[in-house]
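Just below is one structure, and these are the notes that go with it.
The values are calculated or read from the model by the stated rules, or taken from the named source; none is laboratory data. Keep in mind that this is a model prediction, so the values were computed, not measured. Here Cβ is always computed from backbone atoms with ideal geometry, including for glycine, and neighbour counts include all displayed protein chains. SASA here: full protein model, heavy atoms, side chains in, ligands and nucleic acids out. Shrake-Rupley method; radii C 1.70, N 1.55, O 1.52, S 1.80 Å.
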Amino acid sequence: MNAQKGGDMGAPVRLPGEYQGRPGEVLARLHRLYPKLIDLSLGRLEILLAKLGNPERHLPPVIHVAGTNGKGSTCANLRAIAEAAGLRAHVMTSPHLVSITERFRLAGKLVDEDTLVEAFEEVERINDGAPITVFEVLTAAGFLLFSRIPADLVILEVGLGGRLDATNVVPKPVACAITTISVDHQAFLGETLDVIAGEKAGIIKPGVPVVVAPQAPEALESIRLRAEALGAPMWVLGRDVQVDREVDGLHYSDPQGTLDLPSPGLKGPHQGTNAALAIAALRVSALDIPVSAYGGIARTDWPARLQRLHGALAERLPAGWELYLDGGHNPGAGEVLGAVMDGWSDRPVHVIAGVKQSKDVSGFLQPLIGRASSLQAVAEEEQHLATPVEELIAASGGVAIAGPTIIEALDRLAAQNSAPARVLICGSLYLAGVALAQDGWVPV
């Protein structure tokens, strides 16, 4: 299980699908060695990596991505641009939605189970029973594979925070990117935005350029202080980098020049920022990227980010209806989804929401409540640490009604026999994983 995203510090928790299949069998054994879900430190992993020959020091050029919202979308844009440039990209992201293989791309292709099992078993053997978290095992296995398989670039997403995140053992990336920061994971990162931003700015390395999404003033100041102390050149979107949406695409500019680009493949007004952050990270990295390759943002694909579903779940709705899925789960994500709903004013929007227990449920729901034609609260049996439906209803101020499952909620909407509408399933990446499995989605 993801030892750094979500969960508590107590007994082992089995996430849906996490310990299924051959890779899961190895992770289950390792999880019993050190059952904490989250334990931010670098010491255990540094010892293990030294025994493995320090693969983190033998990687292709690395772009390291931290932040609260938009990390996965930024990584997806980085990959799309790199591939449009003809580069082979390794990618490590988290969490996965349906299959643990989603976390690793080797030179552009999803890792296969046999290769992943071999890496896990090698890490297990070398670790030799020492305490280790599962996220640290995942990170070590990723570095091992990335160091052995030729590629031109590594796109590396932080698990949680930055300063003490397992991915932060990489000594010197070619660029760092910090997406929008909001209050989340307070138990591990701090209660205030400036402190949280300071933790995420921990990925900045001496002299390594960093690009930063628009931030609240106190968050930006924490990042600026870290970059200044380390002599790291910093570009900030909205100051050094400008991106404007136009009818037929994006107009992008930075200190190196301007680009006229197609619209991002990922939907939503916020995706222009994520695309621009990816572009800026590549342009400061000194990698050889042809100007034409930046148009690759039009082909970016990333599941559970305003993803339109067309499978078994969508088929439960009447003809003409649209079904979308988004894994956003904190107040910042709620504000973004609220802005998306403002752009959907041509028809009613019905929300189906399920949120993880440790999250600010009310803060996530508030931007949606006034915009939704209806709100149904759900908690799936396989949804990790799902907030009970009754608590979701209370957090909505009594506006929501019980789904209490995705299928029941969809069937209730379908039975209304009303004019075409949009339905948005949201609130948790774990809920998104359940929804994708029910819809019949397969990672590629």
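If I ask for residues that are closer than 18 Å to D165 by Cβ, of a type in the set (D, E, K, R) and either at pLDDT below 80 or surrounded by fewer than 14 Cβ atoms within 10 Å (Cβ to Cβ) (or both), which ones from the range 32-50 would you list? Show your work before the answer.
Keep residues of the range 32-50 that are closer than 18 Å to D165 by Cβ, which gives 34, 36-49.
Still in the list and also of a type in the set (D, E, K, R): 36, 39, 44, 46.
Across the range 32-50, the qualifying residues are K36, D39.
Hey, can you tell me all the residues within the range 275-318 that are surrounded by fewer than 17 Cβ atoms within 10 Å (Cβ to Cβ) and assigned to a loop (DSSP other than H, G, I, E, B)?
If the condition is that a residue be surrounded by fewer than 17 Cβ atoms within 10 Å (Cβ to Cβ) and assigned to a loop (DSSP other than H, G, I, E, B), then A286, D288, P290, D301, H310, G311, A312, P318 are the ones that fit.
Conditions: (1) surrounded by 15 or more Cβ atoms within 10 Å (Cβ to Cβ); (2) outside any strand (DSSP E or B); (3) of a type in the set (A, V, I, L, M, F, W, C). L250 meets all but one. Number of the miss?
Every listed condition holds for L250 apart from (2).
Only one of (1) basic (K, R); (2) open to solvent by less than 50 Å² (accessible area, probe 1.4 Å); (3) closer than 21 Å to V134 by Cα fails for R29. Which number is that?
All conditions pass for R29, except number (2).
Give I100, I63 a once-over and let me know the one that is at pLDDT 95 or above, hydrophobic (A, V, I, L, M, F, W, C) and in contact with a helix residue (DSSP H, G or I) (Cβ under 8 Å, 6 or more places away or on another chain).
Working: I100 fails: at pLDDT 95 or above.
Step by step, each of I100, I63 is checked, and only I63 is at pLDDT 95 or above, hydrophobic (A, V, I, L, M, F, W, C) and in contact with a helix residue (DSSP H, G or I) (Cβ under 8 Å, 6 or more places away or on another chain).
Does V208 qualify as being farther than 24 Å from R163 by Cβ and open to solvent by less than 70 Å² (accessible area, probe 1.4 Å)? Talk me through it step by step, then tell me what you get.
Details: farther than 24 Å from R163 by Cβ: no; open to solvent by less than 70 Å² (accessible area, probe 1.4 Å): yes.
Spelling it out, it is not the case that V208 is farther than 24 Å from R163 by Cβ and open to solvent by less than 70 Å² (accessible area, probe 1.4 Å).
Residues to consider are E102, E121, E113; find the one that is open to solvent by less than 50 Å² (accessible area, probe 1.4 Å), among the acidic types (D, E) and either touching a residue at least 12 places away in the same chain (Cβ under 8 Å) or touching a Phe, Trp or Tyr at 6+ places or on another chain (Cβ under 9 Å) (or both). Let's see the steps before the verdict.
Numbers: E121 fails: open to solvent by less than 50 Å² (accessible area, probe 1.4 Å); E113 fails: open to solvent by less than 50 Å² (accessible area, probe 1.4 Å).
Just one listed residue meets the conditions, E102.
Under the condition of being within 19 Å of P269 (Cβ to Cβ) and not in a helix (DSSP H, G or I), which residue from the range 67-93 is least open to solvent (accessible area, probe 1.4 Å)?
Checking each candidate, the answer is G67.
Considering only the range 217-235, state which residues are open to solvent by 80 Å² or more (accessible area, probe 1.4 Å) and of a type in the set (S, T, N, Q).
Initially, the range 217-235 is screened for residues open to solvent by 80 Å² or more (accessible area, probe 1.4 Å), giving 217-218, 225-226, 228-229.
None - no residue of the range 217-235 is open to solvent by 80 Å² or more (accessible area, probe 1.4 Å) and of a type in the set (S, T, N, Q), so the list stays empty.
Take the conditions surrounded by fewer than 21 Cβ atoms within 10 Å (Cβ to Cβ), over 30 Å from D260 (Cβ atoms) and out of contact with any helix residue (DSSP H, G or I) (no Cβ under 6 Å at 6 or more places or on another chain) and apply them to P348. Does it pass? First the steps, then the outcome.
Working: surrounded by fewer than 21 Cβ atoms within 10 Å (Cβ to Cβ): yes; over 30 Å from D260 (Cβ atoms): yes; out of contact with any helix residue (DSSP H, G or I) (no Cβ under 6 Å at 6 or more places or on another chain): yes.
Yes: the conditions hold for P348.
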